[in-house]
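This is the structure I want to talk about, given as structure tokens.
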Amino acid sequence: MENLNIELDTADYKTILSHQGKIDGLVGSCKIDELTNQFDEVFKNSLLNAKGISVKFTFHPNHPLSFVGEYLENFYNFSNEESDVILGTEVDDSIDIDTINYEILITGL
């Protein structure tokens, strides 16, 4: 099995937190096909104005990795093209195959 973990390290967080302004975030869990529905208009507006965005997904190792690319594209569509966007992933075989945990940190608002 390939390594699906993309670790967010101290340098990644320093990059995201280097942007001055307010900080917002969202942490949760949902069915994978419902992830986009978790973001209300206020949060989407925060993404649009963010200077830095870190996104971490935790999912079952048997779930295809292709969904991460799809959701990352959504973040790019919701965000300012000049935003720093950093992705992290972690697999956890105790999670239901159709569930995703997410941690989103946005800065520079």
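Calculate how large, on average over all directions, the projected area of the Cα convex hull of the chain is; give the answer in nm² to one decimal.
Computed as one quarter of the Cα hull surface, the answer is 6.5 nm².
Same structure again: Could you tally the net charge around Lys31, taking each other residue with its Cβ under 11 Å from the Cβ of Lys31, Lys/Arg +1 and Asp/Glu -1?
-4
Just going by the charge dipole of the chain, with Lys and Arg at +1 and Asp and Glu at -1 on Cβ, which of Leu65, Thr107, Phe75 is farthest out on the positive end?
With unit charges placed on the Cβ atoms, the residue in question is Thr107.
What whole-number value in Å² describes the accessible area per residue of region 1-84 for a 1.4 Å probe?
So region 1-84 comes to 63 Å² accessible per residue, rounded to a whole number.
If you roll a 1.4 angstrom probe over the protein chains with everything in place, what fraction of the accessible area of the chain belongs to carbon and sulfur, to the nearest %? Let's see the in-between values first.
Numbers: 2870 of 6350 Å².
Ligands and nucleic acids excluded, carbon and sulfur give 45 percent.
Just to make sure I understand: if all protein chains stay in place, what is the order of Leu47, Leu17 by accessible area at 1.4 Å, largest first?
Leu17, Leu47
For Gly88, which sequence-distant residues (separation of 5 or more, or a different chain) have an amide H within less than 5 Å of its own amide H, given hydrogens modelled in the peptide plane?
Val55, Lys56, Phe57
222 nm [θ] for the chain, helices only, -39500 (n - 2.57) per DSSP H run of 4+, per residue, to 500?
Computed ellipticity for the chain at 222 nm equals -8000 deg cm²/dmol.
The values are calculated or read from the model by the stated rules, or taken from the named source; none is laboratory data. Note that this is a predicted model, so its numbers are computed, not measured. Quick reminder, even Gly has a Cβ in these numbers, built from the backbone with ideal geometry, and neighbours come from all protein chains shown. Note: areas computed on protein heavy atoms with side chains; ligands, DNA, RNA excluded. Shrake-Rupley method; radii C 1.70, N 1.55, O 1.52, S 1.80 Å.
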